[in-house]
Structure formats: structure tokens, C-alpha cells
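Data first, discussion second: the structure below is written as C-alpha cells.
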């Protein structure tokens, strides 16, 4: 029998169950196995593992008035609102009571940097719809003190109406942050972390837009809402090379992987036309949500149509793990020992696409256990 350690924590209306070190029971294809780290009763998207091994996750307000936005997964199995209850107190139902500027409104991702900071991307657009005024922001928490150290607020020039700030990467020197905007228009957002100033780049350009001929399919069938709308998200997946010199991104509803030198992004004097001219097409892949580049330069891809995680190394794409329980692999993080973590956000099971499921979803956090550290592949095919 699988040994489970389950802990429940009631935080307001939150009831979350975690299951630590649950061994894989279902058949898994590829060179690695999934090991369940935690299970949640609400829709998770982001995960990050700090250098000291602490794990953090987030829950966006997509289909329910989520009772918690950012949580730490504790070593004893509990889930704790982070950094405190007050920052997690905002609710759709209390929109006119609590300030959106100093509370989490709709958090999309969490990323620990190399200098003891945890950064939270608050798109502040519940249901990916209208932005709550004053809500879009990048929040830094000092992991040593567990206190908010900085809040970088985005005005309408960086996060206009119909935008949805998605994920973020940080330059190794700590001077810049790079975000994707997967909203209606699509863009990259570059933040000067010294001044706190943010700029939209490639705003509405081809490389950050959904590709009209790409249809996301689940179990071989187009994923559509009851009214016929499909999955349409602009620039979403993002990864930074280990040396910080090259940024990669792609639209979720797209196959094209793009890259650009970060020196170009950091140069505020360049025009949009000049920046666009320096965008390079890397490869045609498949619809993905998360990207991650590990210390060895391997690019991890969340193959959302195949319940799989793949790896691109050089000119080869390999299947690292494929498992039916990995429903919509979403966000990656790398632990201090090199272990890869990934959330499964079950987007295909949302009531956007399956109204009978209701607003609440059970989701999971996994870690990928390789048989050997140098064993990166199961199924291999040439990169296109």
C-alpha cells in the first residue's frame, strides 16, 4: 500500500489536503517517474523551490473566489498562507473593502530568486477578465524575515486592460525581471529592478501572439468552451538561459519558440521595430504552458496535449515522463538538488470547458524522479 501523510488546514474557507512522498502507482512512460508532493482542493498554477528547499505555490482566482493566493508547503505537510493571512485576505466578494495594492488579487506565478527573495506576479484579473484597479504588481518577500520587502506596481502602460501578466524570470545580476503577458494583446514586460520602472516590449507583435492555425487538443479532440471558443493565450511560456543572456518564450496557443538577447530587452533606447528585428525563431514545438532551462542548459517543455514533460537538448526532443495523472503540466521549478518540480493545473477540467465540474478543482504538485541523473530521455525524436 502507498504510505500517505495527509494534513488538512482550515484557512477561512480553505481546505487543502497534501500528500507527501506518494509513490507512482499508475503506469508511466519515459525515463522518469512522477512522485506526488502535494494535492490541493483548489486550482494551483505556480510553484517555486527556494535555495533552502522551501516550496511555495499559488492559486489564481479563475473559477472561484479562491480562499488563499500564495502558500508555503511546510515540511510537516501543512499548507500555510504566505507571507501571512492579511496579504491573502482579498476576495472577489470583498472587492470594495480591501485595497488591491497591498493584497493578493489574482496571483499567477511565484518565483524564488538566487538572492533570498520570493517574487509573486499578481495579474489582478480574476477569471482572466477585467483588471482590478491598482492590483497588477510584482511583490518581493524576504525569505529570511518572511516579510514583504518591496512592491512594484504596474500602471496601465505596463498592464493595460485585458492584459494578464503570466510568469517571470530574473537576470542573474538581479537587475532585471522579464514577464510574459498572455492577455488579449500579448507582450513582454521588462522591469528595471533598481528603479522599479516597467516597459512593454513587442506589444502586439507576431512573436507574442497566439497562432491562428493552432488548436489545442486534449485526448485528440479540440478543447472548446460550450459556446465554441477554444484555448487562446498569447505569450505565456518563458525561460532564461543560465548565463542570463538569452530569453526564450512562446504563446501557449502556438508552436513557435522565440528568443532574444537580454541586452536588447534591457536597452530602453531601442524602438519597437529595432527590438522586433532582433527576435529569433528557435524551433517549432507544440502547445506548451511551462518552460524551464536547468543548470545544464536543457529546456523542459510542458506537453499539455500529451500529459507529458519533454526535454529539448541540442537538436533532440525527448519524453522525460508521460503519465495520465499529469493533467495539464503547468509550471516548473528546480530544487537545490536539481530535482524538477511541476504543477498539474487541470485546465482542461475547468468549468470553462466542462460546466458540470463546478468551480473547484483538485490539482497536484509533482516531482520528477529520474532513474539516473544523466538519463534524460525515454522516447526520442528530432527537433523540428
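The values are calculated or read from the model by the stated rules, or taken from the named source; none is laboratory data. The model shown is predicted, which means the values in this text are computed figures rather than measured ones. Here the Cβ is made from the backbone with ideal geometry for all residues, glycine too, and neighbour counts use every protein chain on show.
Computed quantities for the displayed model
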quantity	calculated
Residues within the stretch 315-331 that are without any contact (Cβ under 8 Å) to a residue 60 or more places away in the chain and out of contact with any helix residue (DSSP H, G or I) (no Cβ under 6 Å at 6 or more places or on another chain), tallied	2
Residues that are surrounded by fewer than 22 Cβ atoms within 10 Å (Cβ to Cβ) and closer than 22 Å to residue 45 by Cβ, drawn from the stretch 224-237	224, 225, 229, 230, 232
Selection status of residue 84, loosely packed, with under 15 Cβ neighbours inside 10 Å and more than 16 Å from residue 120 (Cβ to Cβ)	no
Strands (runs of 3 or more DSSP E) contained in the stretch 79-156 and holding at least 3 residues within 23 Å of residue 42 (Cβ to Cβ) and at pLDDT below 95	none
Residue satisfying all of: in the stretch 148-168; more than 21 Å from residue 195 (Cα to Cα) and touching a strand residue (DSSP E or B) at 6+ places or on another chain (Cβ under 7 Å); surrounded by the fewest Cβ atoms within 10 Å (Cβ to Cβ) among these	164
Positions within the stretch 275-311 being part of a helix (DSSP H, G or I) and either within 16 Å of the chain's Cα centre (by Cα) or closer than 24 Å to residue 220 by Cβ (or both), in sequence order	none
Selected residue (criterion: farthest from residue 198 (Cα to Cα)) from residues of the stretch 226-238 that are within 22 Å of the chain's Cα centre (by Cα) and outside any strand (DSSP E or B)	230
Residue ID - surrounded by the most Cβ atoms within 10 Å (Cβ to Cβ), chosen from residues in the stretch 184-212 that are modelled with pLDDT of 95 or more and under 20 Å from residue 348 (Cα atoms)	210
Residue 204 vs. criteria more than 23 Å from residue 278 (Cα to Cα) and over 19 Å from the mean Cα position of the chain (by Cα)	no
Yes/no for residue 239 being out of contact with any helix residue (DSSP H, G or I) (no Cβ under 6 Å at 6 or more places or on another chain) and at pLDDT below 95	no
Residues that are over 18 Å from residue 197 (Cβ atoms), assigned to a loop (DSSP other than H, G, I, E, B) and in contact (Cβ under 8 Å) with a residue 40 or more places away in the chain, drawn from the stretch 239-274	241, 242, 243, 244, 252, 253, 254, 255
